[in-house]
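Novice: The following block contains the structure, expressed as structure tokens.
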Amino acid sequence: MMRYWVWVAMTMMVSGLAAAQSVVGIWHEPKIAKQPGHADPKFLAQLLQRHNFSVRSLSTEDLANPKVLTPQKVALVILPYGAFFPAEAVDNFRRYLKAGGRFISLGGYAFDETRDTGHGTRDTKREGEAPAEPKWEKVAHEKVQVFVTQNRIRIAVPKDVPVDWHRARAFLNLRSGWRYLLTGKVRTDGIQNGHGAYLAADYYDASGNRIAFQQTQIVQRTDGWRELGVVLKIPDNAAKVAINAIVHGHGAAEFAGISVKPTINARWGDARDWMHIDPDQFAIFDPSFRIDGATTLEWGAGRGTGDEMKWDRGQGTRGKGNGVVVKTKEPMKGYAAVGLIGSNDPVNPKAWARLVPVLIARDRFGRYLGPAFSILHHFAGPYAGSSWAFCGIESHDLTKLPEFQKVLVHVIR
């Protein structure tokens, strides 16, 4: 019995939230295209109001406004759009969590789709919209051919041109101190007499001096399209950032799908002797850990403590009563609700959070797949005092299922 009440306490985001009439904020952005796992903010508001919660709808502007989003005014934020989050609100949302704010994310790999094209001003594109097209310019010898059409760039360097870093260049407004993911594709029949073809970023100070650069891998020949990518760390003193598609040598290369987006979560990091990530990155979910094929979600209490679920004809039990919360005819797809509980240092790691699986997933044969809905309680580190609940199921809107609604209300309360 004691173990049960400890579990109940650990699976509650804010004890006594309803009684204290603290506000639950629900992000509502009509311009985001509805996807199967997304929850309906209006439906969530009605659900919580029926359970005596005080609810407030939060716009994208509200998430970015430090006068609106504080733990004193909004105890908990629900993010219903899976991977989507507005880049202009990232700085303030981090401040909110570091001050003890909490969130629940539903419907996918949280913080995985962000866009930032103008320092977070209201002139920037919102989430779900295409970013502004970069303005590419030719920086190459006059005999070098540079063609730009619909985010495709072709650079052809004839043999009678001196070998140099011939390129197409575009300046982007990127935030200093942030990490961004630069990706794209390249194909070439062969680059000779030089390094090859690649993407790169140049960083300039306020006087126009190049202070640093980063680049992707370099290729000299490809069999079809080859993926390129690098995590950019914008220097604190960078005033301008130039993205380059480069050919060094003689020959032709075609680039496509060049994209730059912030790395808010920990899907991407600096891959060296281990995966280096900033402590401020939201380290929940793992791109290699999916729970596709799940047909049952059951209570995750006591797993590994001797209170594991017992199965009888596919039904889970926890002590007295049925532990199965959700059963679906169509298999679910999505990411396991796992998170980093410390500093990710392989030599001297520091623990600063505890992961509590609220629901675990099983396939139709009863085999354990992983946690489906979890809470990460931070007791130290940059987000000490903050709790994050998250579910990565992308294929189903679980909030429309009465049994999951009970779990959600329990977690919030």
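The numbers here are math on the coordinates, done by the rules we state, and not lab data. These figures come from a predicted structure and were not determined experimentally. Please note: Cβ atoms are built from the backbone with ideal geometry, for glycine as well, and neighbour counts cover all protein chains shown.
Novice: Quick one: if the Förster radius is 35 Å, what FRET efficiency do Glu227 and Asn52 give, using the C-beta to C-beta distance and rounding to 0.05?
Specialist: The pair Glu227/Asn52 has a calculated efficiency of 0.10.
Novice: Along the Cα-to-Cβ line of Val161, 7 Å from the Cα, sits a label point; which residues in segment 218-261 have backbone N less than 19 Å from it?
Specialist: Answer for segment 218-261: 219-222, 243-256.
Novice: Report, ordered by chain and residue number, the lysines lying within cross-link reach of Lys350, taken as a straight Cα distance under 22 Å and ignoring same-chain residues fewer than 8 apart.
Specialist: Lys98
Novice: Given a Förster distance of 25 angstrom, what is the FRET efficiency for Asp363 paired with His410, based on the Cβ-Cβ distance and rounded to 0.05?
Specialist: 0.50
Novice: Residues of segment 141-180 with the amide nitrogen closer than 13 Å to a label point 7 Å from the Cα of His195, along Cα-to-Cβ, please.
Specialist: 164-167
Novice: While we're here: Once the Cβ-Cβ distance between Gln145 and Val347 is put in as r, and R0 is 41 Å, what FRET efficiency do you end up with, to the nearest 0.05?
Specialist: Computed FRET efficiency for Gln145 and Val347 comes out at 0.20.
Novice: Report the paramagnetic label zone for Arg354: residues of segment 83-111 whose backbone N is under 13 Å from a point 7 Å from Cα along the Cα-to-Cβ axis.
Specialist: none
Novice: Lysine pairs in segment 137-262 8 or more apart or on different chains: how many have alpha carbons under 29 angstrom apart?
Specialist: Counting lysine pairs in segment 137-262 gives 14.
Novice: What order, most packed first, do the peptides 57-66, 383-392 have when packing is the mean number of other Cβ atoms within 10 Å of each residue?
Specialist: Per-residue Cβ counts within 10 Å, averaged per peptide and sorted highest first, yield 383-392, 57-66.
Novice: Could I ask something else about it? With just the Cα atoms defining each centre, how far is segment 188-216 from segment 344-413? Give it in Å.
Specialist: Cα centres, segment 188-216 to segment 344-413: 41 Å.
Novice: Quick one: compute the contact order of the chain, relative version, from alpha carbon pairs under 8 angstrom and 6+ residues apart, as a percent.
Specialist: It rounds to 17 percent for the chain.
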